[in-house]
Amino acid sequence: IHGRIVIKISKPQHALVQNQLLASLTQADYQRWAPHLESVELRAGQALYGAGSEAAYVYFPSTAVISLISMTRDGASVELAVVGAEGMAGVAVWMGSSTMFGQAVVQSAGHAYRLRAPTLRGELQPSGAVLALLLQYTQALMAHVAQTALCNRYHTIDQQLSKRLLLALDRSSAVELSMTQEGVANLLGVRREGVTAAALKLQHAGVIRYQRGHIVVLDRDRLER
């Protein structure tokens, strides 16, 4: 399985809302939600919730990027999925769970909207459109997690690094990414030496330029191939 996941949504109803899920709400649903949506700035490294904890809010990123991470007891970790302006963090809340199965950590600082968990649960009854929208997004998120699991098992570190850079690019307005080799290794669940070798290979091929935690993508087409 390869390629990007595309979530097809209807034409945005609210041009000023950058998050695609919120922008896809009907006008009536959005007017009910608007008083409860809180505008927040998220900082890189901020933990929004941990494994086994109860989520007080769900988050709808606009410019921030959130990593969904699973960890072992000894502290090893792997990234399951990435959430940007296309979605939300905290899907377990609307599915009836009181606890989270993993961690949600801010990968790239930026803006987001948050909504209290009880408010989201209460919105599922008045509007079938909200439920249908969340079902569609959850299906896309599950496909994203499945692709990540397959890639982590069968693809080389070069391919995994290329995929992760593309995921970051899809959620950024710039071609320069702030990512350390150690941070990428933790997200992919591999040794830092492997990431270093893969980054050097891409740099020598003229695909990226890497320096001091900053990666500039020079040739996206080759990175995709």
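Numbers at a glance
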| read-out | value |
| --- | --- |
| Within region 158-225, helices (runs of 4 or more DSSP H) holding 3 or more residues that are closer than 23 Å to His144 by Cβ and touching a Lys or Arg at 6+ places or on another chain (Cβ under 9 Å) | 181-188 |
| Residue within region 33-56 that is under 18 Å from Met142 (Cα atoms), in contact with an Asp or Glu (Cβ under 9 Å, 6 or more places away or on another chain) and of a type outside the set (Val, Ile, Thr) present | no |
| Ala149 assigned to a loop (DSSP other than H, G, I, E, B), closer than 18 Å to Val82 by Cβ and either in contact with a Leu (Cβ under 9 Å, 6 or more places away or on another chain) or open to solvent by 40 Å² or more (accessible area, probe 1.4 Å) (or both) | no |
| Options Arg116, Arg121: the member that is open to solvent by 50 Å² or more (accessible area, probe 1.4 Å) and either under 12 Å from Phe60 (Cα atoms) or modelled with pLDDT of 90 or more (or both) | Arg116 |
| Condition broken by Arg212, with the remaining ones in (1) of a type in the set (D, E, K, R); (2) at pLDDT 90 or above; (3) surrounded by fewer than 18 Cβ atoms within 10 Å (Cβ to Cβ) satisfied | (2) |
| Wholly enclosed strands (runs of 3 or more DSSP E) of region 50-94 bearing at least 3 residues hydrophobic (A, V, I, L, M, F, W, C) and crowded, with 16+ Cβ neighbours inside 10 Å | 65-71, 77-83 |
| Every pair of residues 6+ apart whose Cβ atoms lie under 6 Å, when the first sits in region 160-185 and is farther than 14 Å from Val216 by Cβ while the second is polar (S, T, N, Q) and open to solvent by 30 Å² or more (accessible area, probe 1.4 Å) | Gln181/Thr196 |
| Within region 95-108, considering residues that are of a type in the set (Val, Ile, Thr) and in contact with a strand residue (DSSP E or B) (Cβ under 8 Å, 6 or more places away or on another chain), the one most open to solvent (accessible area, probe 1.4 Å) | Val105 |
| Unmet criterion (only one of (1) surrounded by fewer than 16 Cβ atoms within 10 Å (Cβ to Cβ); (2) closer than 26 Å to Ala64 by Cβ; (3) modelled with pLDDT of 90 or more) for Arg225 | (2) |
| Enumeration of residues in region 29-49 that are among the aliphatic types (A, V, I, L, M), open to solvent by less than 60 Å² (accessible area, probe 1.4 Å) and at pLDDT below 95 | Ala34 |
| Odd one out for Ala143, checked against (1) open to solvent by 50 Å² or more (accessible area, probe 1.4 Å); (2) within 29 Å of Asp29 (Cβ to Cβ) | (1) |
| Evaluation of Val130 against (1) of a type outside the set (Phe, Trp, Tyr); (2) within 14 Å of the chain's Cα centre (by Cα); (3) closer than 20 Å to Val17 by Cβ; (4) open to solvent by less than 20 Å² (accessible area, probe 1.4 Å) (one fails), failing number | (2) |
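The values are calculated or read from the model by the stated rules, or taken from the named source; none is laboratory data. Since the model is a prediction, treat every value here as computed from it, not as a measurement. Note that we place each Cβ from the backbone using ideal geometry, even for glycine, and neighbour counts take in every protein chain shown. With ligands, DNA and RNA removed, areas are computed over all heavy atoms of the protein, side chains included. Shrake-Rupley method; radii C 1.70, N 1.55, O 1.52, S 1.80 Å.
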